[in-house]
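The values are calculated or read from the model by the stated rules, or taken from the named source; none is laboratory data. On a predicted model such as this, the values are computed, not experimentally measured, just so you know. Using ideal geometry, Cβ is built from the backbone for each residue, glycine included, and neighbour counts are taken over all protein chains shown. We work out accessible area using only protein heavy atoms, side chains counted, and drop any ligands, DNA or RNA first. Shrake-Rupley method; radii C 1.70, N 1.55, O 1.52, S 1.80 Å.
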Amino acid sequence: MSVASAVHSRQENSFSSISGYAAVAAGLVLIVLCGWWLKSGIQDAASPGQLLMACFGIVAGIFILAGLYMLQPNESAILTLFGRYIGTDRGEGLRWAFPLYVKRRLSLRARNLNAPTLKVNDKRGNPIEISAAIVWRVRDTAQAVFDVDDFERYVTVQAEAALRHLASLYAYDDGEDLAPGETTLRAGMDDVSRALKQELQERFEAAGVDTLDAKLTHLAYAPEIAQVMLRRQQAEAIISARKKIVHGAVSMVEDALNGLAEREIVELDSERRAAMVSNLLVVLCSDKDTQPIVNAGTLYN
């Protein structure tokens, strides 16, 4: 079963906390009044019940102040009570909740993951080195905390697994064994990035994490075959250049022969035409400067 099809046992519940400023005011007022009452009761020899009530009021004020906590923008607090999930508070500023709630802060900001450089095999089986930069953020706080053990470690491991799988789906570079127009890692960066982002989103779904962006940051042949592949690429470039040179030379020779025939500058039989074509192709296709030779005789003598 794929990661994307995993059943999520927990979904985020919204929790509405109380403004912390009102709680501060209530707690301080309760402590000050009950402290003054306790002091007055001790001086006036008040009954034990009154003194106990004053002490209880002070403790209640301290208890109220213990429920204060602060949240920054794009930060949340996961509230639990004796192991039971209560909800997630996404408010900002000074907030107040029941003091016995355990409050775990969790950032909702975008995060960068610079995946380590991995040595994997591409579609052809050639060893390559690949790495990526991934931008992600927590979408569902309950899933991130309760459905996986450590969601940051989970994201790192799944990112490496996605990179390895992606590299096995594409060839590093074009070749005769590939279908025309087939996407490769080097030439199809945009398509590869989209495929990587989609696979990461499927893998991160179980942790309640969204993939905002994913781009390859390093792509190269492994050192043990880098020199061989470089010579292969150089040979392919030379062959491609030679093909263009020969195609252009043939077109120029054809234009020259047609121009001579149309203007009736000289009549050439098949043997002279063949000799002229050979000479022109040597001049046009040679990678070195040719030396002219003056022929004082004829083609036949």
query = Under a 1.4 Å probe, what is the accessible area of region 96-178 per residue, stated in Å²?
reply = 48 Å²
task = For region 88-221, take the alpha-carbon Rg, divide it by the Kirkwood Rh, and send me Rg/Rh.
result = 1.13
query = Rounded to a whole number, what % of the accessible area of region 114-154 do carbon and sulfur atoms account for, probe 1.4 Å?
reply = 42 percent
ask   = Excluding Ala66 itself, what net charge comes from residues whose Cβ is under 15 Å from its Cβ, given Lys and Arg +1 and Asp and Glu -1?
value = +2
request  = Quickly work out the Asp149-to-Asn258 label distance, labels modelled 7 Å from Cα along the C-beta direction, and quote it in nm with one decimal.
outcome  = 7.6 nm
Those lysines that a straight Cα-Cα span of less than 25 Å connects to Lys119, excepting residues fewer than 8 apart in one chain = Lys197, Lys215
request  = At a Cα cut-off below 29 Å, give the lysines reachable from Lys244, other chains included and same-chain residues fewer than 8 away excluded.
outcome  = Lys288
ask   = Can you give the accessible area of Ser14, probe radius 1.4 Å, in Å² rounded to 10?
value = 110 Å²
request  = Please arrange Ile245, Ile128 by accessible surface area, largest first, computed with a 1.4 Å probe and ligands excluded.
outcome  = Ile245, Ile128
note = Ordering Arg104, Arg95 by the accessible surface of their heavy atoms, 1.4 Å probe, largest first, yields Arg104, Arg95
